Amino acid sequence: MSQTLAAVKGMNDLLPGEIEIWQHVEGLARELFGRFGYGEIRTPMVEDTALFVRSVGEETDIVGKEMYTFDDKGGRSLSLRPEGTAPAARAYIEHSILNQEPLTRWFYTGPMFRYERMKTGRYRQFYQVGAEAYGSKEPAQDVEVMDMVAQFLQALGLQDIALNLNSLGDEACRPAYHAKLVEYLKAHIEELCGDCHRRMETNPLRVLDCKNPKCQEVAGKGPNVLEFLCEPCKAHFDDVQRKLTALEIKYVVNPRMVRGLDYYTRTVFEFIASHPALGTASTVGGGGRYDKLVKSLGGPDVPAVGFACGLDRLVLLLKEGTRKFGASPDLFIAVADPGSQDTAFTLASKLRREGLRVDFDTRGGSLKSQMKRSDKSGARFTLVLGEQERTSGEAKLKRMADGSLIPVSLSGLAAAVREHSATEVAQRGNAT
Ligand code: ATP
Ligand code: MG
């Protein structure tokens, strides 16, 4: 007997029933980000491994443990993209975008891959929507990006998501903080996990991001990065906060928050949900400023800021709500006798051409089973087509909400369905 094949662990099928939520979220992102002037990019799912090693950082969990890396048949080391910022920066450099425009706003959406320990809200193929703005070092750009995420989450109807904000300083002030942090960590070395012993040497900031509770406790009592900010970084951070307040975006300053990637400078932020459905996978999005990344990848010295939101987690939250997503059919055509099957088939095709969403059972079957299917489909109207309707050209449209019957002629069916849908919507509007 052949073995049943299943999807790869940590990689999910998205099927009708759930996909409507995804389409809603992605559609809303497209529309909203477009309003902010962000244009969509699509980069390949696979990149040179070196891109992620150089940008995300060798010492990060992503590059150290989580990447799907393989050699192609030409012996090149490639990796499935674990995130979208590095590929976007690579494309920005490769297409000399700075020569074409001084300020560039891009967004992307698509699958990312990380070999993680999977649980609710943490998968090996997951989806992100993210955006990057290149060319402005101004606090207004940081705040525009956070505003966009805040408006996105608000438009999705998601509440109880806290914006956590921090500044990691820049090359002028971070060394002093690093030194202090290392000194502090060394004094607490016995309390740290093995990974953190290594991180302490290679990238001490990573210790603050360790998920181990013991390490978190140590990190929580360590030096406060904000006390080390140089004047320009402090001014930047103050202005970011002033502008958030002006836009009435609530935030909390969290000086222990660092982000999982190496490339951030100055502003970093995370949107953290408190809904229990997400368990420990509560961060729905995060981002920050990365003024040195593009240059470090061989591009121009251009400042940038961006974010990425995890769509899987947003969809989990939306599933908890009562809102219904996706459109039901406008009309279900049921056939009363086998002789009407062909006419109904042709009619369904014509109505679809005229723009209606029409369901019709190509298998025919009993009227009872067809009516059952119509009910289940959530169709707004049902039309029963039999010999009498065929010969007279007149039929009755059944409004499924109340069972009322509306006389219609078959030739004007599309218009009638539209007209009565509109009055139904208007009546519903009046009632509320
Ligand atoms: P976490 O701390 O939860 O591991 P992260 O810092 O690794 O998150 P980022 O690299 O900042 O995550 O990615 C941005 C967003 O993408 C996260 O806030 C999260 O919503 C989502 N995300 C990251 N990894 C996964 C995953 N394995 N499965 C589902 N969503 C993910
Ligand atoms: Mg992670």
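If you stretched the chain out fully between THR245 and GLU217, how much longer would it get, using 0.36 nm times the residue separation minus the C-alpha to C-alpha distance? Walk me through the numbers on the way to the answer.
Numbers: separation 28, 0.36 × 28 = 10.08 nm, distance 3.06 nm.
Length gained, THR245 through GLU217: 7.0 nm.
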Taking the chain as the reference, fit the longest principal axis to its C-alpha atoms, fit the long axis of helix 413-431 to the helix C-alpha atoms, and give the angle between the two in degrees, 0 to 90, nearest 10. 60 degrees
Give, as ranges by residue number, the residues of the stretch 95-122 whose backbone N falls under 14 Å from the point 7 Å along Cα→Cβ of GLU138. 102-104
Kindly report, to the nearest 10 Å², the accessible surface of ILE406 as traced by a 1.4 Å probe over protein heavy atoms only. 20 Å²
Segments 320-330, 169-179 sorted - mean Cβ within 10 Å per residue, highest first: 169-179, 320-330
With only alpha-carbon atoms counted, please give the Rg and Dmax of the chain, in Å. 27.7, 92
Which length gain, in nm to one decimal place, applies between GLU394 and LYS324 when the Cα-Cα distance is subtracted from 0.36 nm times their residue separation? 21.8 nm
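Would you please put 105-118, 25-38 in order of how densely packed they are, using the mean number of other Cβ atoms within 10 angstrom per residue and starting with the highest? It would help to have the intermediate numbers written out before the result.
On the way: 105-118: 18.9, 25-38: 16.1.
Packing order, densest peptide first, comes out as 105-118, 25-38.
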Measuring from label point to label point, each 7 Å out along Cα→Cβ, what is the MET118 to ASP238 span in nm? 5.0 nm
Only residues of the stretch 140-180 count here: report those whose backbone N is under 13 Å from the spot 7 Å along Cα→Cβ of CYS230, or say none. 169-177
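Only helical DSSP H runs with n ≥ 4 go in: add -39500 (n - 2.57) per run for the chain, normalise by residue count and round the 222 nm mean residue ellipticity to 500 deg cm²/dmol.
After summing the helix terms and dividing by residue count, I get -11500 deg cm²/dmol.
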By the Cα gyration tensor axes a ≥ b ≥ c (a/c under 1.5 gives rounded; else a/b larger than b/c gives prolate, otherwise oblate), the shape of the stretch 268-381 is prolate
Can you tell me the length gained on complete extension of the stretch ARG256 to SER2, counting 0.36 nm per residue apart and subtracting the Cα distance? 86.2 nm
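Please calculate how many Å² of accessible area the chain carries per residue, with a 1.4 Å probe and no DNA, RNA or ligand atoms counted.
Details: 21570 Å² over 432 residues.
Using a 1.4 Å probe on heavy atoms only, each residue of the chain averages 50 Å².
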Calculate how steeply helix 311-320 sits against the longest principal axis of the alpha-carbon atoms of the chain, using the helix alpha-carbon long axis, and give the answer as 0 to 90 degrees to the nearest 10. 50 degrees
By the C-alpha gyration tensor axes a ≥ b ≥ c (rounded if a/c is under 1.5, else prolate when a/b exceeds b/c, else oblate), the shape of the stretch 331-406 is rounded
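The values are calculated or read from the model by the stated rules, or taken from the named source; none is laboratory data. Worth saying up front: this structure is predicted, and the values here are computed from it rather than measured. Cβ sites come from the backbone with ideal geometry, for glycine too, and all protein chains shown count toward neighbours. These area figures cover heavy atoms from the full protein model, side chains too; ligands, DNA and RNA do not enter into them. Shrake-Rupley method; radii C 1.70, N 1.55, O 1.52, S 1.80 Å.
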